[in-house]
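The values are calculated or read from the model by the stated rules, or taken from the named source; none is laboratory data. Just so we're clear, the structure is a prediction, and the values are computed from it rather than from any experiment. Don't worry about glycine lacking a Cβ; one is built from the backbone with ideal geometry, like all the others, and counts go over all protein chains shown.
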Amino acid sequence: MDVDDDARTIGRRLRQIRNSRKKSLRVVAGLAGMSKSHLSEIERGECALDRRSEIVALANALQVAPSELTGLPVPAPGNGDTDAAVVAVRQVLTAVSRNRLRGEPVPLEVLQRRVQEVRETRRRCRFGAVGEQLPGLIRDIHCTISAGRDVKTLVELAVHVHVHVTLMWLRDSGASVDLRWQAATLAQGLAEHLGDATSLGVAAYGSANALLASSMFDLADAELDALTLPPTTVDTAGMIGMVTMTRSLIAAADQRLDDVAAPMQAAKELAHRFGEPDNNHDRLGFGFGPTNVGLWEMALALETGEPDRAVSVAQTIQPERHPFKTRQSQYWVDYGRALARLPRRGDDAVMALRRAERLFPLR
């Protein structure tokens, strides 16, 4: 693994787009609010373009979508079926949206078991297995809902599947943002049909993150502003904590740095109040706790251009305490990204990224 591969690829794409627009380094840098030398470093692959605020600023300066700057090829899983699985998920989501599903109802207890299995499979970083299971699971859940069986329970279950599995798997697969938004919209519609504050919170978390991936910061904020959170209990604390931290990430990406600290402090207090997630207080499956708050603090430090602080935070975290291997892998990804920005830490960065890859080979 070469820590600079993505930076060079994005840099080349940025330079190609800038040249096609017939704009000089000085002009684009000025429009994006950065120095000419910094933009030149990005184009040469000497500086990573992975802060959302910089991506949006450069995309606006070049009048392109942010995804045109950062879209990178995603490695296929071991079985080579990523593209086929993404197509299958797209087809079943479209069929659900048009009420054109073909299938038979499945007993509730069978669906509950399958949902638990696919969630655990994703958390264990078994990417290919999730892709094999997901289209059929989506079809069977929605066919059973359409048949009028166990509707309330299954609608709640479907919201969780689309936020925790469908959205996350599509992100890992490199699927287009519009497909991720389709899954988020489906979850939102189901939650609104249910009218339950907890399900609405889960769906809003998914919608806000899909909007954040599209660099639509105002809309992501509005999504959370419109949300009425349920009372904080053992069951809801994880969702409330994740929604709260998402506010910080949106603010950081939108360069509203004064709005970053307060939500994170609230989330930190909530995490210490309830402790690390376990079977007794993580019913909604967010994995929220002190370790996850630390992982988000690392991500925020990177987003705000503070790699030294990200490294300092990383050194206080024991990633193996998080119950999800996906999050353990993300720790090493962000640690590697932070180290790569510091002088004379390139070898350490490569080691961290290789460790992430061993945990989650797609990363």
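Taking first residues from region 264-284 that are farther than 12 Å from residue 238 by Cβ and partners that are hydroxyl-bearing (Ser, Thr, Tyr) and outside any loop (DSSP other than H, G, I, E, B), the Cβ contacts under 6 Å between residues at least 6 apart in sequence or on separate chains come to 264/248; 266/244. Could you run through region 74-110 and say how many residues are of a type in the set (Val, Ile, Thr) and at pLDDT below 95? Number satisfying all stated conditions: 4. Within region 124-137, does at least one residue satisfy the condition of being within 13 Å of the chain's Cα centre (by Cα) and not small (Gly, Ala, Ser)? Checking region 124-137: not a single residue is within 13 Å of the chain's Cα centre (by Cα) and not small (Gly, Ala, Ser).
The residues of region 93-106 that are within 14 Å of residue 141 (Cα to Cα) and surrounded by 12 or more Cβ atoms within 10 Å (Cβ to Cβ), listed by number, are 93, 95, 96, 97, 101, 103, 105, 106. Restricting the search to helices (runs of 4 or more DSSP H) fully inside region 136-214 and requiring at least 3 residues that are among the aliphatic types (A, V, I, L, M) and assigned by TED's automatic domain parsing to the domain that holds residue 102 gives 151-161, 167-173, 177-194.
Pairing residues of region 52-73 that are over 19 Å from residue 180 (Cβ atoms) and of a type in the set (A, V, I, L, M) with residues that are modelled with pLDDT under 80 and surrounded by fewer than 20 Cβ atoms within 10 Å (Cβ to Cβ), at Cβ distances under 7 Å and at least 6 apart in sequence or on separate chains, gives no pairs at all.
Quick grid of which residues meet (1) under 30 Å from residue 139 (Cβ atoms); (2) at pLDDT below 80; (3) buried (at least 17 other Cβ atoms within 10 Å of the Cβ):
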residue	(1), (2), (3)
7	no, yes, yes
27	no, no, no
37	no, no, no
45	no, no, yes
59	no, no, yes
72	no, yes, no
